[in-house]
């Protein structure tokens, strides 16, 4: 068995999934996804269920917090809809401006409604940008676009990458942490 769903009193449904990477039983609570228990190989689903039941208070507390975040995210989505065509135009214009300003070259650009990331750069230097970027402050839009443009030259997140980002933006990791505060918008 690779997955199992269990009902916990005062909590609701939790999903237990066999994980080949997990070393220990772990619980995560994510907005719009709910509760997941990662069950390592060699650990029974019964043991994982007992562990989850012992953590029911912690799970309930975090589920309540996630529900508040989900409500806020739905409010943003419903009351501030994105004009995809306008958003695409704005993001591509900003990408081209920054590429020209700093001497970057990329292949193609795609504007998508990604659920897990703000942007990405392929090995062929195709750049994907999340349409929800237009909801962010300008400095975080610029950070994200420059992050992907730097990946056209440096394909990892090593020291060279962050040094380059710092030369362009100052404290790039500070901007990265600021961007993480908006990750809830990805789940729209």
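The values are calculated or read from the model by the stated rules, or taken from the named source; none is laboratory data. Just so it is clear, the structure is predicted and the values come from calculations on it, not from any experiment. Methodologically, a virtual Cβ is constructed for each residue, glycine included, from the backbone with ideal geometry; neighbour enumeration extends over all protein chains shown.
Structural remarks
- When residue 148 is tested against (1) over 25 Å from residue 75 (Cα atoms); (2) surrounded by fewer than 20 Cβ atoms within 10 Å (Cβ to Cβ); (3) free of Cβ contacts under 8 Å to residues at least 60 places away in the same chain, just one condition goes unmet, and that condition is (2).
- Residue 33 closer than 30 Å to residue 11 by Cβ and touching a residue at least 60 places away in the same chain (Cβ under 8 Å): yes
- Residue that is surrounded by the most Cβ atoms within 10 Å (Cβ to Cβ) [pool: residues in the stretch 28-54 that are in a helix (DSSP H, G or I) and in contact with a strand residue (DSSP E or B) (Cβ under 9 Å, 6 or more places away or on another chain)]: 48
- Selection count where residues are touching a helix residue (DSSP H, G or I) at 6+ places or on another chain (Cβ under 9 Å), part of a strand (DSSP E or B) and over 10 Å from residue 52 (Cα atoms), scope the stretch 4-27: 3
- For residue 57, the stated conditions do not hold, so it cannot be described as surrounded by fewer than 16 Cβ atoms within 10 Å (Cβ to Cβ), assigned by TED's automatic domain parsing to the domain that holds residue 20, at pLDDT below 95 and in a loop (DSSP other than H, G, I, E, B).
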